[in-house]
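To start, the structure under review is shown below, and the notes come after it.
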Amino acid sequence: MNATTAHPTPGRNCPIDYHYGPAVFRQPTPPELIGLEVLYVVGGLYGNELALDEVLRLFGAERGRKQLVFNGDFHWFDADPATFDRIQQQVLPHVALRGNVETELAHSQPVSDAGCGCAYPDWVEDAVVTRSNRILQRLWTAATPAHRTQLAALPMWQTASVGGMRLGLVHGDAQSLAGWGFAQEHLADVAHRRTVADWFTLAGVDAFACSHTCLPVYQSLPRGSGLPPGWVFNNGAAGMPNFQGDPAGLLTRIATTPCPVDAGHVSRAHVEQGGVHIDALAITVPPTDVQQRFLAQWPPGSDAHASYFARIAAGPTYQPQQVVRHQV
């Protein structure tokens with residue numbers, strides 16, 4: 001299936017106003033995101049307050065010109081209104097993009113034709129899609145009108161530069177806020193990789209940093225004309241485990257220096273290009289505490305428990321050696 005295939009049912013369709021196209025990334029980068037020495041891209045926090053605390057601690061230990069970008073879906077499991085408010089108030093002082101979750105939460109009604117806005121591909125079971133739509137409906141009740149106004153004002157994409165690397169920052173892919181073009185499943189397809197390689201030329205970037213698709217992948221792609229490869233840096237999820245038997249979430253750290261080792265920075269996967277270091281940085285928090293907080297809001301029998309608790313408890317069937325994939 002093409003990564004942009006539209007479906008008519010809520011949770012699978014991708015609304016027109018989610019689309020932008022690769023050329024938008026040629027617009028000027030804001031001054032605060034130019035010439036960075038350290039950039040954190042945190043996608044899929046999913047309302048995990050303990051993970052957010054650890055992200056802020058890790059980022060606080062970094063030195064030099066730095067920025068922290070939350071690239072969407074920082075809300076999801078935080079259905080408790082007080083938790084929802086704390087997440088939002090801690091995220092928004094930093095650079096933030098809206099994911100499909102924030103976009104749907106910003107609506108004045110709890111249900112839209114997009115459902116949860118995930119634009120799930122065909123390999124995701126219908127029951128998962130239905131549950132996600134109901135999770136969004138419940139989460140909507142935790143947001144106040146002021147929260148919704150703040151979320152509606154967030155952009156869908158941004159650009160940044162670290163060292164000599166120019167990056168497109170997105171939630172989904174180079175064409176849509178909820179696009180699955182940067183999913184590890186799609187990037188395993190040779191024909192699709194040729195399509196993605198064209199996006200770098202159209203966008204005028206060296207790399208894209210994204211999330212949305214829940215599993216991490218760092219994929220290189222040829223750009224031709226003697227240029228170094230382009231990269232897709234997908235951090236998977238900051239607020240859930242990404243590997244079997246490993247409870248850590250992940251963020252993408254892009255920096256002109258290697259990870260500091262004196263403040264608990266641990267890389268699960270590493271890439272270096274042109275003096276820029278890219279790491280899948282582990283977000284390690286007590287797993288029992290995470291599970292207890294999740295269960296307090298989503299007990300057995302709830303929609304989020306049915307869809308996510310097995311992953312939260314044991315991780316997906318995915319391994320760190322599957323993350324970095326070089327052009328073939």
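The values are calculated or read from the model by the stated rules, or taken from the named source; none is laboratory data. As the structure is a computational prediction, the values presented were derived from the model and not from experiment. Ideal geometry is used to build each Cβ from the backbone, glycine not excepted, and the neighbour counts take in all protein chains shown.
Listed here are the residues, each with its yes/no results for (1) modelled with pLDDT under 95; (2) closer than 23 Å to His305 by Cα; (3) buried (at least 23 other Cβ atoms within 10 Å of the Cβ).
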position	(1), (2), (3)
Ala61	no, no, no
Asn71	no, no, yes
Ala82	no, yes, no
Gln89	no, no, no
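Against the definition (modelled with pLDDT of 95 or more, in contact with a Gly (Cβ under 8 Å, 6 or more places away or on another chain) and part of a loop (DSSP other than H, G, I, E, B)), how does Gly172 come out, yes or no?
Values: modelled with pLDDT of 95 or more: yes; in contact with a Gly (Cβ under 8 Å, 6 or more places away or on another chain): yes; part of a loop (DSSP other than H, G, I, E, B): yes.
So Gly172 fits the description; yes.
Cβ-Cβ contacts under 8 Å between residues 6 or more apart (or on different chains), taken from a first residue in the range 204-218 that is more than 11 Å from Val232 (Cβ to Cβ) and in contact (Cβ under 8 Å) with a residue 24 or more places away in the chain to a second residue that is among the hydroxyl-bearing types (Ser, Thr, Tyr) and part of a loop (DSSP other than H, G, I, E, B), are listed as Leu215/Tyr318.
Surrounded by fewer than 23 Cβ atoms within 10 Å (Cβ to Cβ) and of a type in the set (Gly, Ala, Ser): does that describe Ala96?
no
Looking only at the range 8-40, which residues are without any contact (Cβ under 8 Å) to a residue 12 or more places away in the chain and either buried (at least 20 other Cβ atoms within 10 Å of the Cβ) or farther than 24 Å from Ala255 by Cα (or both)? Hits for the range 8-40 are Pro8, Ile16, Asp17.
Among all residues of the range 122-142, there is none that is within 17 Å of Gln27 (Cβ to Cβ) and among the polar types (S, T, N, Q). Considering Val232, Val290, Val324, Val266, the condition of being surrounded by 14 or more Cβ atoms within 10 Å (Cβ to Cβ), out of contact with any Ser or Thr (no Cβ under 9 Å at 6 or more places or on another chain) and of a type in the set (Val, Ile, Thr) is satisfied by Val290 alone.
Would you confirm whether or not the range 260-267 contains a residue that is more than 21 Å from the chain's Cα centre (by Cα), at pLDDT below 95 and among the acidic types (Asp, Glu)? For the range 260-267, residues more than 21 Å from the chain's Cα centre (by Cα), at pLDDT below 95 and among the acidic types (Asp, Glu): present.
Give me the residue from the range 117-168 that is closer than 22 Å to Thr213 by Cβ and of a type in the set (Val, Ile, Thr) and, out of that set, modelled with the highest pLDDT. Filtering the range 117-168 for residues that are closer than 22 Å to Thr213 by Cβ and of a type in the set (Val, Ile, Thr), the one modelled with the highest pLDDT comes out as Thr159.
Tally up the residues in the range 259-298 that are hydrophobic (A, V, I, L, M, F, W, C) and assigned to a strand (DSSP E or B), please. Reasoning before the result, please.
At the first step, the residues of the range 259-298 found to be hydrophobic (A, V, I, L, M, F, W, C) are 259, 261, 263, 266, 269, 271, 276, 278, 280-283, 285, 290, 294-296, 298.
From what's left, assigned to a strand (DSSP E or B): 269, 271, 276, 278, 280-283.
Final tally of qualifying residues: 8.
Inspection of the range 159-166 finds a residue satisfying the criterion of being closer than 30 Å to Ser132 by Cα and part of a strand (DSSP E or B).
Table: residues versus (1) out of contact with any Gly (no Cβ under 7 Å at 6 or more places or on another chain); (2) not in a helix (DSSP H, G or I).
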residue: Asp122; (1), (2): yes, yes
residue: Val129; (1), (2): no, no
residue: Ser132; (1), (2): no, no
residue: Ala143; (1), (2): yes, yes
residue: His147; (1), (2): yes, no
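Counting only residues that are hydroxyl-bearing (Ser, Thr, Tyr) and touching a Lys or Arg at 6+ places or on another chain (Cβ under 9 Å), the range 44-102 holds 1 of them. Every condition in (1) touching a Lys or Arg at 6+ places or on another chain (Cβ under 7 Å); (2) surrounded by fewer than 23 Cβ atoms within 10 Å (Cβ to Cβ) holds for Met240 except the one numbered (2). The lone criterion from (1) over 23 Å from Val38 (Cα atoms); (2) hydrophobic (A, V, I, L, M, F, W, C); (3) surrounded by fewer than 23 Cβ atoms within 10 Å (Cβ to Cβ) left unmet by Val285 is number (1).
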